[in-house]
1. Determine, for each peptide in 97-105, 177-185, the mean count of other beta carbons within 10 angstrom over its residues, then list the peptides with the highest first.
2. When DSSP assigns beta bridges and you keep just the ones with both residues in the chain, what percent turn out antiparallel, to the nearest 5?
3. Give the residue from G120, V202, H133 lying farthest towards the positive end of the charge dipole for segment 116-323; charges sit on Cβ (+1 for Lys and Arg, -1 for Asp and Glu) and the dipole is referred to the Cα centre.
4. Pairs of Cα atoms under 8 Å, at least six residues apart: use those to get the relative contact order of segment 111-163, whole percent.
5. Please state the charge dipole magnitude for the chain, taken about the Cα centre, from unit charges on C-beta atoms (+1 on K and R, -1 on D and E), reported in debye and rounded to the nearest 20.
6. Suppose every K and R has +1 on its Cβ and every D and E has -1 on its Cβ; what is the size of the dipole of segment 1-45 about the Cα centre, in Debye to the nearest 20?
7. Which is farthest toward the positive dipole end of the chain among A212, T65, I231, measuring Cα position about the Cα centre, with Cβ charges +1 (Lys, Arg) and -1 (Asp, Glu)?
8. Would you work out which of V180, A35, V307 lies farthest towards the positive end of the dipole of the chain, given +1 charges on the beta-carbon of Lys and Arg and -1 on that of Asp and Glu, about the Cα centre?
Amino acid sequence: MRSLSVPEEVARIAEDIKTMRIRGAGRIARAAARALLVAAREFRGDNLEEFLDYMERVAELLVSTRPTAVSLPNAVQYVMRRLRKGSYSSVEEAKRAVIAAAEEFIQYSLQAVARIGEIGARLVRTGDRILTHCNSSAVESVLRTAWRQGKRFEVYATETRPKFQGYITSRDLAEEGIPVTLIPDATVLKVIEEKRITKVIVGADTVTANGAVVNKIGTSQIALAARLHRIPFIVATETYKFSPYTVTGQPVEIEERDPREVLPEPIPGIRVRNPAFDATPPEYIAMIITERGIIPPKSAALVLWEVFGRSPAEKQTRISVEEDTAS
Ligand code: RUB
């Protein structure tokens, strides 16, 4: 473990991603790009080698904050690849490359979420009863766009234990005027049966090369319930959540979070498991809405080819952070 001094805002972003004050795969990616931008902007010195080494270490720090959402390393690699590929005569020039790439990524990401909204809204019909899980900006974009187009439907949002992101979804949708019902996670099958849910739409943290979707824990159970009742299970996700690492067979690491999120006070003799994500196999997924269009999950490899080309997935190492407000 090597330690690293970074500007306060960079340390705060890293900490906020770790502690989930910044959460959701898209937001995490944009925050990481922003952190690289700030790190570059605030770098003091004129030694190019030092700057390049420093940026690599900031990149490693950011990637080590949460393991599952591939949007994080993809955002970081997007910026860092630009830096690595260029040839610079000064630190200022190299800084400009980082800043431009980070701004470009953030802009692309925001536009992608809006585009997913437009494309996904075409699938929403008046009279739909849509079930969603956790809190996804991409899903919210679909629902908000459809609602603003005048379609009238209702949403069932799971609480999403143990961190209750379903409350964020419920509040956001209610603010838009969309009728929303908050339900405990364990009621999904009953609600699907009783309320005759017409579609499930969820977001993604990672899409693998074979079209499996890694999303908030509980997603795969909902997919099973949807399959049982022949309801389309739909995923809304930006293409930077497709994982180039899985092309070479690297498994997706499922984050195991603090047991205290489940059981705040330990009880002797009781063990707690708290995996934060699970994988839904492609067979259970009707379609994936991306900013480039709607694809069947089996076409995930084609998206990866189109978005990432042949570039080999680079492995990141972990380092610890030391806040240095003076830098
Ligand atoms: C969030 C989660 C979301 C995806 C997609 O998990 O699983 O469904 O990240 O979200 P956590 P978005 O709260 O643990 O980060 O569409 O906003 O990227």
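1. Averaged packing, sorted descending, gives the order 97-105, 177-185.
2. Once the DSSP bridges in the chain are tallied, antiparallel ones form about 30 percent.
3. G120
4. 47
5. 1240
6. 160
7. So the residue furthest toward the plus end is I231.
8. Farthest along the dipole direction, towards plus: V180.
Read-outs: derived from the displayed coordinates by stated rules, not from any lab. What you are looking at is a predicted structure, and each value in this text was computed from that prediction instead of being measured. Backbone-built Cβ (ideal geometry, glycine too); neighbour counts: all protein chains shown.
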